[in-house]
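Report on the following structure.
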Amino acid sequence: MGNRGRLSLVLLLALAASGPGFPQEVSGRKELAVFTLGSYRWNIPPAALQGIDERIRGVFVTLGRFSVIGMGYQLGEEDVGAFIESIKRFKSENVEIPETVQMGREFFTQADLNRLIASFIVVVPSVTDFRLSRGRDGGVSCAVRTSFTFVSVEELRAFAQFSIETSGSDPVQELALREALDAIPPRLTFEVRKIPEFQLKSGILEVRGAEVVLELGSDMGVRPGDEYLIVAPRVLASGKTVTDEKGLLVVRDVRADSSTATVIYSDGPPAPGDQLQELPRLGTDSTFSLRAVVWQPGRSQFALPAFAGIRQTLSRGFSAFRPYVGVEAPVHLLFSGAPGVPLNFFIGGEYDFSFGRLQVSPLASVGIGAYVSLVEGRAPVLSHAGGSIGVTVSYLFSRDMKWVAEAGWVTWLGLAGPTYGGVYAGGGITIKF
């Protein structure tokens, strides 16, 4: 084979590997400059603000997909437009940057402005609403709305903006505010992963039966429980390109630069070179269920207990084992003359065995029951202690929802109420957030 033939073969192999005219995309790190939380419009105690900027920057560092530069400047939401115009003037007119430049209430140094102009993206966080109120019981409630604006220095435009509302309550004002501010980072993580420009793109490197190896790992912030869509671009007759969803993967094991994922469903067998796109989720599965004791030792079947409840299972950051918390109302005690609304609070864990869309999960939990008074200021009455052990069988009927059937044994020992329990069965629905 001559040189020309070898070159043609190499080109054909390269085209085959990259798909029908659509080369595989794999995300790399983006450079990010993060400003200090702007709060000068509000009288927020400095002690409460201490450390919040480090936690906000920590969100972007932990996400892994950014190279983060911390900038000790504050800009308000209303200052973003002037900031963009100033950067545009320095870049387009090629004027010399003075030693200091005022934007809003801040004076930027020449060196820091040069760093910003060289950055890819600038993040401007600012407090846009702040409320403190004291209740009749003396407790303090705090509500904070924080805005985050993302500016592309390269394109000289704000391409994403969202607000996060958080709250806190405590008898001590500073602690109530600190609780509200501490709630910002987990919400921020989810909101950033939802921005299309920041969603990770990867590809399948290898197929191992019902599992695949995908490019990107902990170095880019991939975590167990993350989900990825198998996608394929398609050109319409009009010439417009659309992206079709072909399948869904769940990451089970993460290494430094690659990850292993389980195939949940796929239109056709997945193959090396298939394009993957991150499916951002908050990282919790909410299961709404109804359960009833179908056999209780020594009791008539017409007095069997029943429960209506919700279970919150953590999914992001966990592989097969996943912890959960939940609360349920024992329906049979609602009209028993109890001194309040009967509620059972429990914690537990499940271990998942996946078979495509079908999932079998043994689970167990322990908890306490209480009569919660509807009268303000009256403390709950501890009523029961117990738990359950069982198994759930779920089926993913859409990308975001599952049918659930469950059975097992439940026992609640009476401390200030009747003991009840036995073999239970039930069902419900799970919504993936």
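Since every read-out is calculated from the coordinates, none of them should be taken as a lab result. As the structure is a computational prediction, the values presented were derived from the model and not from experiment. Glycine gets a Cβ as well: all are built from the backbone with ideal geometry, and neighbour counts include every protein chain shown.
A few points about this structure:
- Largest-first principal axis extents, alpha carbons of segment 201-279, Å: 42, 25, 18
- Of the cross-linked pairs Lys91/Lys201; Lys30/Lys240; Lys246/Lys402; Lys88/Lys240; Lys30/Lys201; Lys88/Lys201, those separated by over 21 Å at the C-alpha level are Lys91/Lys201; Lys30/Lys240; Lys88/Lys240; Lys88/Lys201.
- The dipole here belongs to segment 120-230: it is taken about the Cα centre, uses +1 on the Cβ of Lys and Arg and -1 on the Cβ of Asp and Glu, and is about 380 debye.
- Computed from phi, the 3J(HN,Hα) profile of segment 399-407 under the Karplus parametrisation 6.51, -1.76, 1.60 (θ = phi - 60°) reads 4, 10, 9, 9, 7, 10, 10, 8, 7 Hz, with x in place of Gly and Pro.
- Close amide H pairs (under 5 Å, H built 1.01 Å from N) link Ala160 with Phe150, residues at least 5 positions away or on another chain.
- Over segment 375-433, the ratio between the Cα radius of gyration and 2.2 N^0.38 Å evaluates to 1.58.
- Here the calculated FRET efficiency for Trp403 and Lys194, from their Cβ-Cβ distance with R0 = 30 Å, stands at 0.65, rounded to the nearest 0.05.
- Taking label points 7 Å from Cα along the Cα-to-Cβ direction, Ser218 and Phe345 give a separation of 3.4 nm.
- More than 36 angstrom apart: percent of Cα pairs within the chain: 46 percent
- Footprinting exposure proxy for Ser354, Ser315, Ser398 (fewest neighbouring C-beta atoms within 10 Å first): Ser398, Ser354, Ser315
- Which of Val172, Phe159, Thr189, positive extreme of dipole for the chain (C-beta unit charges): Thr189
- Vicinal HN-Hα couplings computed from phi for segment 361-370 (Karplus, 6.51 cos²θ - 1.76 cosθ + 1.60; Hz; Gly/Pro x): 9, x, 8, 8, 8, 10, x, 10, x, 8
- Applying the Karplus relation 6.51 cos²θ - 1.76 cosθ + 1.60 with θ = phi - 60° to segment 217-225 yields 3J(HN,Hα) values of x, 5, 5, 10, x, 5, 10, x, x Hz, where x marks Gly and Pro.
- Between segment 253-318 and segment 144-222, the Cα center-to-center distance that results, in Å: 22 Å
- For Met103, the residues 5 or more places off, or on other chains, whose built amide H falls under 5 Å of its own are Phe108.
- In the chain, the DSSP-assigned H stretches of four residues or longer account for a calculated mean residue ellipticity at 222 nm of -5000 deg cm²/dmol, using -39500 (n - 2.57) per stretch and the full residue count as denominator.
- For segment 284-432, the percent of C-alpha pairs falling in each 5 Å distance bin, counted from 0 to the bin holding the largest distance, reads 2, 10, 18, 23, 17, 13, 9, 6, 2, 0.
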